[in-house]
Ligand SMILES: [Zn+2]
């Protein structure tokens, strides 16, 4: 008997999958609306993205190719563990290459490479309710969504402008989907917000602890909230990636030594590697190769 | 007629996954035709497409509504009870799923559960067998999941479907979602899809 024979395919039992699948279908039919579902215990802590894992487990089939990223990287403990989990319980092929994946489970980033039709991006969401920090009561936030009462959200953003001269929110920057629901894009940097708009890929969001699933179908309008006099802007970086020279990508700061030495490199490790393999070299990439 | 023990999926876990992805792709890409997995065998009136979706999405947590033809056939109700355990309800307004073997047998769309403003996800998903998914009068579809616009050419829609669908669209975020099936395939029309005449 193999180890995998002790589990149902993709770990979840069929009744749970059906329940999650029904929630996913309604989420797709009502873009940006949070569908409640009965979250199950998974063999990993909540902080590891059990909502995303449950969504992936409910949609994945033997022919899928899975990529898992955490902050843009395929090689963090979280990403490696989730990839290994599905390789074991669903016997799927895994990859680090964005272009090869049919399902990409993510925490905190959207790949730099434009997603294609047929690809599915599954987000691990810690706090799905964008109005939660304004209103702690679920009954009230539900009412606000029902009545399309998003004035408080705009007030909060405008207070930012009054205080900082600009909207200070840089992560989990709220968006409006198809002109109706205000949605939390999960703690991705606002740099990634424009990638959600009219994406070719289906985007699914799972919040395990909060028991919510929501979705953005392909070719759906996703607009970051802003004001006429303070339009939405993404982060800009002063210099390109130190390893591959990429511009217009999201960069992470990496500390090099105790003396304050640092460099900025691609957060999307697959994109960086692909560029370096193609011969692109950044300012510190040359030195690295010469060592 | 088969016995009720037969007629499920040959490989329930994997077939359900494949059929679900077809339904998911159908709703995420409205107006496109997605191939369904065929069950082992089917009943006279409960066609293979209805069976496939029934087995994939319903269980004892999902009240289902059946049209008169299906509900009056003991072989159909026994099959559903045995394979899914789903309670069959008489009122369309209580159904999570509705299965209709022909457009003529379908009540008006607004007779089904339309969901509430606070819980629009509680609305009925209607699964309707039509004559064909292609070959009919051309209609234009727009909305989430559709790049610019698409075309549908369904055969066998309800009489005043056009007006009923517009009324359903007006209810957003409330409203029913529609899965149309024929020839081993499914097409999705979620409540967000706008349908118009023209090219
Ligand atoms: Zn790079």
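So how far, in whole Å, is the C-alpha centre of the range B:93-140 from the one of the range A:97-156?
One Cα centre to the other: 28 Å.
Quick one: Cα convex hull volume of chain A, Å³ per residue?
161 Å³
Among A:232, A:9, B:99, which comes first, then next, by fewest other beta-carbon atoms within 10 Å? Walk me through the numbers before you get to the answer.
Numbers: A:232 16, A:9 20, B:99 30.
Fewest-to-most Cβ neighbours within 10 Å comes out as A:232, A:9, B:99.
Give me A:221, A:148 sorted ascending by neighbouring Cβ count inside 10 Å, so fewest comes first.
A:148, A:221
Pop out the Kirkwood hydrodynamic radius of the protein assembly as shown from its pairwise C-alpha distances, inverse of mean 1/r, in Å to one decimal.
Values: mean 1/r = 0.0420 Å⁻¹.
With all distinct Cα pairs of the protein assembly as shown included, I get 23.8 Å.
For the protein assembly as shown, what is the mean residue ellipticity at 222 nm derived from helices alone (per DSSP H run of n ≥ 4: -39500 (n - 2.57); sum divided by total residues; nearest 500 deg cm²/dmol)?
It lands at -8000 deg cm²/dmol.
Roughly how large, in nm² to one decimal, is the mean projection of the convex hull of the alpha-carbon atoms in the range A:92-232? Please list the in-between numbers first.
Details: hull surface 36.4 nm².
Quarter of the Cα hull surface area: 9.1 nm².
Enter the mean number of other protein chain beta carbons within 10 Å of the beta carbon of each residue in B:23-33, as an integer.
On the way: counts 4, 10, 4, 2, 9, 15, 7, 3, 0, 0, 0.
Partner Cβ neighbours, averaged per residue: 5.
Pull up the DSSP beta bridges for chain A and report the antiparallel fraction as a percent, rounded to 5.
60 percent
Within 10 Å of each residue's Cβ, count the other Cβ atoms and sort B:32, A:77 from fewest upward.
With the fewest neighbours first, B:32, A:77 line up as A:77, B:32.
Run through the DSSP bridge list for the protein assembly as shown and note the antiparallel percent, rounded to the nearest 5. Working shown, then result.
Numbers: 37 of 67 bridges.
Restricted to the protein assembly as shown, the bridges split so that about 55 percent are antiparallel.
Taking R0 as 30 Å, what FRET efficiency do you get between residue B:88 and residue B:138 from their Cβ-Cβ distance, rounded to the nearest 0.05?
0.25
Can you give the average number of partner chain beta-carbon atoms within 10 Å of each beta-carbon in peptide A:16-25, as a whole number?
Mean partner-chain Cβ count within 10 Å for A:16-25: 6.
Pick from A:51, A:118, A:279: which is most flexible by mean-square fluctuation in a GNM of chain A where alpha carbon atoms under 10 Å apart are linked?
A:279
If you project the alpha carbons of the range B:47-113 onto their three principal axes, what span does each projection cover, largest first, in Å?
For the range B:47-113, the Cα spread along each principal axis is 29, 22, 19 Å.
Kindly work out what percent of the DSSP beta bridges joining two residues of the range B:2-190 are antiparallel, to the nearest 5.
Of all bridge pairs located within the range B:2-190, approximately 45 percent are antiparallel.
Over the whole of B:115-124, what's the average partner chain Cβ count within 10 Å per residue? Rounded to a whole number, please.
5
Computed from the mean reciprocal separation of all distinct C-alpha pairs, what Kirkwood hydrodynamic radius does chain B have, in Å?
Averaging 1/r across every pair of different Cα atoms and inverting gives 16.8 Å.
We did not get these values from a lab; they are worked out from the coordinates using the rules stated. Since the structure is predicted, the reported quantities are computational estimates derived from the model, not experimental observations. Note: ideal-geometry Cβ built from the backbone for every residue, glycine included; neighbour counts use all protein chains shown.
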